[in-house]
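What follows is a single structure, written as structure tokens, with notes after it.
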Amino acid sequence: MSSPDFKCGYIALIGVPNVGKSTLLNRLMGEKLSITSPKPQTTRHRLLGIFNLPEAQLLFLDTPGILEPKGALNKTLVQAALTALSEADVVVWLVEPRPPDPHDRILLPHLRKLPRPLIVAVNKIDLVPKPQLLPLMAAFHELFPQAPIIPISALLGDGTQELLAEVVKLLPPAPPLYPEDQWTDSSERFLVAELIRERLFHHTGEEIPYAVAVQIEEFDESRRPQLIRIRAVIYVERQSQKGIVIGKQGRLLKIIGAEARAEIESLLGSQVFLELWVKVWKNWRRDPKAIRMFGYQR
Ligand SMILES: Nc1nc2c(ncn2[C@@H]2O[C@H](COP(=O)(O)OP(=O)(O)OP(=O)(O)O)[C@@H](O)[C@H]2O)c(=O)[nH]1
Ligand SMILES: [Mg+2]
């Protein structure tokens, strides 16, 4: 039984693409749950990370980066982020270590009407000389005088304990919502598809990472934990993209498969046989049916 002072609530991690939301989620959890990449618009879902402390259960919501929404997929992603924002008990607004600019300003109206406490986390402080930090924090303080402004490096872990302590302070008293041994509400199939997509983000350029979606067609765990057989389809939007993903004599697909399999094995704690196929779904990002099928709309 939890004590009457136990705290529990949702904490939305919100910000522009590439600011480090998913890196922060993984850092706070101490586990790799969300995929990350140097390219913007990596995250396409709201992702729940459950983190237990003796005095609190923290329900982190990683979200897609917020940007000027163009196209069916982007609109859906921004909506997912805004929904997480509206569901949160505490909001952590992650910002780049530079003065607020027009990209950040898209979010301001949403943050201003929040009925919930806000924390501003200035991320990537490992990239700025120390003397620049104070004026930067002052600029964000001017925007939100009530909010704690916490400098962090999600990558290196600097300041993240301070951030965690601030979050716990602001959480409402409530009993835990999830059992202690649960770390997310996403299925293993989904997490596996994400690990494959992450490898594609790392190994392809230009339009391709954005034109890719991954679907798990078979997840046979009848021989678990010795072996799990997984068949996944990588969807692209054009024939030419299919050729690039496969690579000369299948070389790129082989690398993607080998790297993804290693990550999947460590996630599932089992040996994995991974079969990858590449298929074309013309302009799937404009097709509401595809957007639903790939689970971007809940
Ligand atoms: N130097 C430095 N890089 C960081 C830090 N945090 C994140 N990054 C890098 O920033 C890039 C983007 O990180 P992500 O965590 O994928 O960013 P995101 O906000 O989740 O991005 P989207 O999912 O596209 O919205 C990656 O290359 C990270 O390694 C940090 O504190 N310092
Ligand atoms: Mg992300």
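The values are calculated or read from the model by the stated rules, or taken from the named source; none is laboratory data. Note that the structure is a prediction, hence the values are computed from the model and not measured. Here the Cβ is made from the backbone with ideal geometry for all residues, glycine too, and neighbour counts use every protein chain on show.
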Which condition breaks for LEU82 when tested against (1) of a type in the set (A, V, I, L, M); (2) under 17 Å from SER186 (Cβ atoms); (3) touching a helix residue (DSSP H, G or I) at 6+ places or on another chain (Cβ under 7 Å)? (2)
Sole exception among (1) surrounded by fewer than 21 Cβ atoms within 10 Å (Cβ to Cβ); (2) aliphatic (A, V, I, L, M); (3) within 14 Å of ligand 2 (Cβ to nearest atom) for LEU28, by number: (1)
The number of residues in region 218-271 that are in contact with a Lys or Arg (Cβ under 9 Å, 6 or more places away or on another chain), of a type outside the set (Gly, Ala, Ser) and in contact (Cβ under 8 Å) with a residue 60 or more places away in the chain is 5
Within region 3-25, considering residues that are in a strand (DSSP E or B) and within 19 Å of ILE106 (Cβ to Cβ), the one nearest to ligand 2 (Cβ to nearest atom): LEU13
Looking at GLY247, GLY295, GLY269 in this structure, which one is surrounded by fewer than 18 Cβ atoms within 10 Å (Cβ to Cβ) and in contact with a Pro (Cβ under 9 Å, 6 or more places away or on another chain)? GLY269
Would you check if PRO109 is over 19 Å from ALA138 (Cα atoms), out of contact with any strand residue (DSSP E or B) (no Cβ under 9 Å at 6 or more places or on another chain) and modelled with pLDDT of 90 or more? yes
Positions within region 250-261 being closer than 17 Å to PHE201 by Cβ and surrounded by 13 or more Cβ atoms within 10 Å (Cβ to Cβ), in sequence order: LEU252, LEU253, ILE255, ILE256, GLY257, GLU259, ALA260, ARG261
Condition first: over 18 Å from the mean Cα position of the chain (by Cα), in a loop (DSSP other than H, G, I, E, B) and either among the small types (Gly, Ala, Ser) or not assigned by TED's automatic domain parsing to the domain that holds ALA154 (or both). Can you find one or more residues in region 69-82 that meet it? yes
Does GLU217 fit the bill of being at pLDDT 95 or above and within 25 Å of ARG44 (Cα to Cα)? yes
Please work out if LEU133 is assigned by TED's automatic domain parsing to the domain that holds ASN18, assigned to a strand (DSSP E or B) and closer than 21 Å to GLU166 by Cβ. no
Of residues in region 137-157 being in a helix (DSSP H, G or I) and touching a strand residue (DSSP E or B) at 6+ places or on another chain (Cβ under 6 Å), the one nearest to ligand 2 (Cβ to nearest atom): PHE140
Filter result (within 17 Å of ARG286 (Cα to Cα), aliphatic (A, V, I, L, M) and within 16 Å of ligand 2 (Cβ to nearest atom)) within region 31-79: LEU73, LEU77, VAL78
Does region 102-112 include one or more residues that are in a loop (DSSP other than H, G, I, E, B) and within 26 Å of ALA165 (Cβ to Cβ)? yes
Out of curiosity, is TRP277 over 28 Å from TYR10 (Cα atoms), in contact with a strand residue (DSSP E or B) (Cβ under 9 Å, 6 or more places away or on another chain) and among the hydrophobic types (A, V, I, L, M, F, W, C)? yes
Which one of these is within 15 Å of ligand 1 (Cβ to nearest atom), in contact (Cβ under 8 Å) with a residue 12 or more places away in the chain and within 25 Å of ILE149 (Cβ to Cβ): LEU111, LEU13, LEU59? LEU13
Select, from VAL19, VAL78, the only residue that is of a type in the set (Val, Ile, Thr) and at pLDDT below 95. VAL78
